[in-house]
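These notes concern the structure reproduced below.
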Amino acid sequence: MTGDTADTGDKGTGGAPAPSRRALLGWGGAGLALGAAAAGGAVAAVRSGEGTEPAVDSGAAVPFHGAHQAGIATAVQDRLHFAAFDVTTGDRAELAALLKEWTRAAERMTAGRAVGEGAYGGAAEAPPDDTGEALGLRPSRLTLTIGFGPSLFARDRFGLEDRRPEALVDLPKFPGDNLDSARSGGDLCVQACADDPQVAVHAIRNLARIGMGRTAIRWSQLGFGKTSSTTPGSQTPRNMMGFKDGTRNISGTDDAALRKHVWAGAKDGAGWMAGGSYLVARRIRMHIETWDRAPLQEQEDIFGRDKGEGAPVGKAKERDEPFLKAMLPTAHVRLAHPDTNDGATILRRGYSFTDGTDGLGRLDAGLFFLAYQRDVRTGFIPVQRSLAASDALNEYIQHVGSAVFAVPPGVRDTDDWWGRALFS
């Protein structure tokens, strides 16, 4: 789980309504309390692609344009809808045209506006340009972040094989992996994060509708209750095991750390990726019922933190510098720490998930792990190798889905579009 690495006013906005009952309810019982907290108007810092915006409430809009895509260093929202797509057209020009259309739609949706001419008022004989379920809702800090998978660069597809970045490597098979191909891979991905679940779902639904005939959703994942934070001053969230997670995450305002560990540089081997990043997505199922029967001391030894405060072993406060040698050699915090992995550091944006039961009465729940880094080879891979080899937590978790994507730089202005530099 790598837990310790470090002017609305267009159609569909309707002013600034109070949080809806749907936002309070969220996606079912598991997200009830979390949805209520998110809808409570909490103040949060909104970071755009080029800097930190003034503090705003959770219904505000995050700027879409910037040097970097929003949704990476941006203050983490409470809800997620992540989708991986297969490209079904073989025409390079059609793919580029789709990315332009998606960009224009993303610009409008992140500003709280309807797509195209909107969900009503157009020709009665034609489908509306927008699906309409976000009418009257605020932007809810919606961010849309796109990535390109290794398969997009395959030979004899779009002529992009020579443009594949060296850092976009296929992940090795780690010990204990039980990956489902139906929940892995993808030519494209879109990460939609927002404080209202319906806003996030609306965004992915519209992009899928626009892409029909050119793309198809390969798999998707809903998430709630962020399990990490890019705003260190806020309270550290807890994962489904009840432990605080991502305490040592990179701050979204730490520009030096972001340059060092997250943003790809012009000299990193693929010029079109300068200002971008690399995303690893892993669906990690937790064996909840087994974990819930484990003694408290065992749980704390496994993580290397106490369950109440979240302090490292032998320390008093959550953010105290951990003394790794005081922990068991198999402790999760110790094995995930940069000092154990030659300084390997990633930026986490993970979410909890619950997807019903598995037919045997066991909860299908866990962590949808999202990690951004400058290079997968020096970020996720060494950390996961360390964890897969001897992490005591492996008895209670299993990686069942996996994907890696090159996340291009941000869209600079209204003439730019997602992936433009790749196709230039």
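Read-outs: derived from the displayed coordinates by stated rules, not from any lab. From a predicted model like this one, the values you see are computed outputs, not experimental measurements. Methodologically, a virtual Cβ is constructed for each residue, glycine included, from the backbone with ideal geometry; neighbour enumeration extends over all protein chains shown.
Would you mind classifying the chain by shape? Square roots of the alpha carbon gyration tensor eigenvalues, ordered a ≥ b ≥ c; an a/c under 1.5 is rounded, otherwise it is prolate if a/b is larger than b/c and oblate if not. Intermediate values should be presented prior to the final figure.
Details: a/c = 1.63, a/b = 1.33, b/c = 1.23.
Judged from the Cα gyration tensor, the chain comes out prolate (a/c at least 1.5, a/b above b/c).
Going by how many other Cβ atoms sit within 10 Å of their own, how do Arg205, Arg79 line up, fewest first? Walk me through the intermediate numbers first.
Details: Arg205 19, Arg79 30.
So the residues, fewest neighbours to most, are Arg205, Arg79.
Cα-based count: Lys pairs in region 263-418 below 25 Å, eight or more positions apart or different chains?
Working: Lys307/Lys315; Lys307/Lys317; Lys307/Lys325; Lys315/Lys325; Lys317/Lys325.
Taking region 263-418 as the scope, the lysine pair count is 5.
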Self-check item: Sequence-distant aspartates and glutamates (8 or more away, or on other chains) whose Cα lies within less than 15 Å of Lys100
Solution: Asp91, Asp413, Asp415, Asp416
Quiz item: Quick one: if you stick a label point 7 Å off each Cα along the C-beta vector at Ala274 and Ala326, how many nm between them?
Solution: 4.6
Quiz item: Whole-Hz Karplus ³J(HN,Hα) for region 144-161, in order, using 6.51 cos²θ - 1.76 cosθ + 1.60 and θ = phi - 60°, x for Gly and Pro?
Solution: 10, 10, 9, x, 10, x, x, 5, 5, 9, 5, 5, 6, 10, 10, x, 9, 4
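Assuming R0 = 35 Å, can you tell me the calculated FRET efficiency for the pair Arg259 and Ala316, based on Cβ-Cβ distance, to the nearest 0.05?
Details: r = 33 Å, r/R0 = 0.94.
Working from the Cβ atoms, E equals 0.60.
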Quiz item: Among 283-290, 121-128, how do they line up from the highest to the lowest mean number of other beta-carbon atoms within 10 Å?
Solution: 283-290, 121-128
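For the chain, what does -39500 (n - 2.57) per DSSP helix run (n ≥ 4), summed and divided by total residues, give at 222 nm, in deg cm²/dmol to the nearest 500?
Working: 10 runs with 85 residues, N = 424.
Value at 222 nm, helices only, nearest 500: -5500 deg cm²/dmol.
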Exercise. Would you grab the residues whose amide H sits under 5 Å from the one on Thr215? Only those 5+ places off in sequence or on another chain, please, with H modelled 1.01 Å from N.
Key: Thr88
Self-check item: Mean Cβ neighbour count within 10 Å, used as a protection proxy, ranking 247-259, 172-184, 375-387 highest first
Solution: 375-387, 247-259, 172-184
Quiz prompt | Given charges at beta-carbon only (K, R positive; D, E negative), |dipole| of region 265-424 in Debye | solution = 340
Quiz item: In sequence order, what are the phi-derived ³J(HN,Hα) couplings for region 316-332 according to the Karplus relation 6.51 cos²θ - 1.76 cosθ + 1.60 with θ = phi - 60°, rounded to whole Hz, with x for glycine and proline?
Solution: 9, 10, 4, 8, 4, 4, x, 9, 4, 6, 7, 8, 4, x, 9, 5, 4
